[in-house]
Amino acid sequence: MNNIDVFILAGGQSKRFKEDKTLFVLHKKTMIEHVADALFGFSENIYIVSKNPEKYSFIKNAISIKDIIDIQNPLSGLYTACTYTEKPFLIVGADMPFIQKELIEYMLKSHKKEATVFKIKGFFEPLLAIYSPSAKDKIKYCIENNKASFQQLLNMLDLNILTEEQAKKIDKELKSFVNINTKEDISKFI
């Protein structure tokens, strides 16, 4: 076990998916179970952050917690994570069922600064990243000042940036970073 906590963000509305994508069954398990299974073993503390924590009480080895700030934005989940831990933590989207454990291991070994993020195709990947609780005040500032986007937040943090080339050495097709937003997205990867 590593000295980190893990937070799965499950606060989205699944508008484009047309049903709750976190509970969509893919290969006999819900999408969020695939995510939780990929993270099992990295921490004794795996949390699922959502507006409705009871919905995920069936997931073994994870604790469901409620978003502290009631806004529809992933930064609220990140802020909630900062209030639940005092050590570095991994953030993962609940709609990322293809995460490779080796990539997380690499991130953990590489972590330093306020956040460790990959830059893929010119953009930061904030939903498979490691953050420090010291980012809490900056997250709150972004939320309170209508700058509630991960990209704006990352511009304020002291970043350890990992490259696409580093990621491809472990995950050649970069499947770990795939967010499932539509049912068509699933058909591309199975």
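The values are calculated or read from the model by the stated rules, or taken from the named source; none is laboratory data. These numbers were taken from a predicted model, which means no experiment stands behind them. Glycine also receives a Cβ, built like all others from the backbone with ideal geometry; neighbour counts cover every protein chain displayed. What goes into the accessible areas is simple: the full protein's heavy atoms, side chains included, and nothing from ligands, DNA or RNA. Shrake-Rupley method; radii C 1.70, N 1.55, O 1.52, S 1.80 Å.
Assorted remarks:
- Protein accessible area in the chain, 1.4 Å probe - carbon and sulfur %: 48 percent
- What the phi angles of region 156-172 give under the Karplus curve with 6.51, -1.76 and 1.60, with θ = phi - 60°, is a coupling list of 9, 9, 7, 9, 9, 9, 9, 9, 4, 4, 4, 5, 5, 5, 9, 10, 3 Hz, glycine and proline written as x.
- Ranking Thr116, Val35, Cys142 by how far each Cα lies toward the positive end of the dipole of the chain (charges on Cβ) leaves Val35 at the top.
- Amide H partners (placed H, <5 Å) of Lys29, local residues excluded: none
- Residue among Ile99, Ile46, Ile63 with the largest mean-square fluctuation in a Gaussian network model of the chain, springs linking Cα atoms under 10 Å: Ile63
- With both residues required to sit in region 8-129, DSSP beta bridges show an antiparallel share near 45%.
- Surrounding net charge for Met156, when Lys and Arg each add one and Asp and Glu each subtract one, Cβ distance under 15 Å: +1
- Interchain or long-range residues, amide H under 5 Å from Asn45's placed H: Val6
- Taking amide H atoms as placed 1.01 Å from N in the peptide plane, the amide H of Ile68 lies under 5 Å from those of Thr80, each 5 or more residues away in sequence or on another chain.
- Loop sites in region 70-154: GluC sites (Glu not before Pro), DSSP, at most 11 other Cβ within 10 Å: Glu86
- Placing +1 on each Lys and Arg Cβ and -1 on each Asp and Glu Cβ, with no other charges, gives region 25-126 a dipole about its Cα centre of roughly 200 debye.
- Rounded, prolate or oblate (a/c below 1.5 giving rounded, otherwise prolate when a/b exceeds b/c) for region 41-121 by Cα gyration tensor: prolate
- Where Lys113, Lys119 fall by accessible area, highest first, once all protein chains stay in place (1.4 Å): Lys113, Lys119
- Counting heavy atoms of the protein chains alone, Phe40 has an accessible area of about 100 Å² for a 1.4 Å probe.
- Whole-Å distance, taken between Cα centres, linking region 129-156 and region 32-73: 21 Å
- When the surface is traced with a 1.4 Å probe over the full set of protein chains, Ser149 keeps roughly 40 Å² accessible.
- Converting phi to 3J(HN,Hα) with the Karplus coefficients 6.51, -1.76 and 1.60 and the offset θ = phi - 60°, region 121-134 yields 6, x, 10, 5, 10, x, 9, 9, 8, 10, 10, 9, x, 5 Hz in sequence order, with x at every glycine or proline.
- Other residues lying with their Cβ under 13 Å from the Cβ of Ala115 contribute a combined charge of +2, Lys and Arg counting +1, Asp and Glu -1.
- At a probe radius of 1.4 angstrom, the accessible area of region 75-190 per residue rounds to 47 square angstrom.
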